[in-house]
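See structure below.
Each reported figure results from applying straightforward, stated rules to the coordinates on display, with no laboratory input. Just so we're clear, the structure is a prediction, and the values are computed from it rather than from any experiment. Methodologically, a virtual Cβ is constructed for each residue, glycine included, from the backbone with ideal geometry; neighbour enumeration extends over all protein chains shown.
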Amino acid sequence: MNWSSLLSTGVGALIGVSATLAAEWTRWKRNRHDNDQAIKRQTYAEYLAALSRTRNELRMAAWAPAMPREERARLAQEAFKAGGAYELRYQVALLAPEMVDQASIAAFRTLRDLRDVVEAGVVRTEEPYIELRVRWDDLFAELRRQMRADLQQ
């Protein structure tokens with residue numbers, strides 16, 4: 001029996017199996033990364049929408065100066081509850097890198113501060129509201145920038 005042909009066949013089979021396993025491993029890693037990115041993209045989009053929804057409802061409450069203060073406070077509280085940002089904030093914290101998480105926390109806290117001044121009876125033309133609105137706009141833009149950068153990796 002010729003051992004060299006048997007050895008060549010074995011080595012060829014080993015190379016073939018190894019190449020197939022390496023290709024499958026690479027494909028699995030790529031699919032997993034793509035899936036992780038899709039989940040992150042969906043969560044980020046939902047969170048940004050929830051923050052925007054909440055901000056819009058707060059804006060509507062602050063734009064009604066004739067509205068009684070108690071009604072404005074109720075609308076501000078409802079906006080925060082119905083917006084869904086609380087729940088999604090924790091999902092973002094689980095998925096996001098530190099920079100996105102920090103930007104998320106800063107934007108969320110500023111939105112909460114905006115809610116507090118609207119609850120206190122401040123309307124859109126008053127300085128506390130204007131300052132927080134400008135700060136919110138800046139932090140929300142930074143959050144979007146951080147999310148975009150994370151998704152491009």
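Which net charge results when you count Lys and Arg as +1 and Asp and Glu as -1 among the other residues whose beta-carbon is under 14 Å from that of Val117? Walk me through the numbers before you get to the answer.
Working: positive: Arg55, Arg59, Arg69, Arg72, Arg109, Arg112, Arg115, Arg124, Arg133, Arg135; negative: Asp113, Asp116, Glu119, Glu126, Glu127, Glu131.
Its environment carries a net charge of +4.
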Between Arg41 and Ile105, what is 0.36 nm times their sequence separation minus the Cα-Cα distance? Round to one decimal in nm.
21.3 nm
Pulled fully out, how much extra length does the chain show between Tyr90 and Arg144, if you take 0.36 nm times their separation in residues and subtract their Cα-Cα distance?
17.8 nm
Most exposed first by the Cβ proxy, i.e. fewest other Cβ within 10 Å, how do Met147, Met67 rank?
Met67, Met147
Once you compute Rg and the Kirkwood Rh from C-alpha atoms, what is the Rg to Rh ratio for segment 91-153?
1.09
Burial ordering of Thr43, Thr9, Thr54, fewest other beta-carbon atoms within 10 Å first
Thr9, Thr43, Thr54
Using only Cα atoms, tell me the angle between helix 69-83 and the longest principal axis of the chain; keep it within 0 to 90° and round to the nearest 10.
10
Pair-distance profile P(r), taking every C-alpha pair of the chain, with 10 angstrom steps and integer %:
11, 30, 20, 12, 8, 7, 6, 4, 2, 1, 0
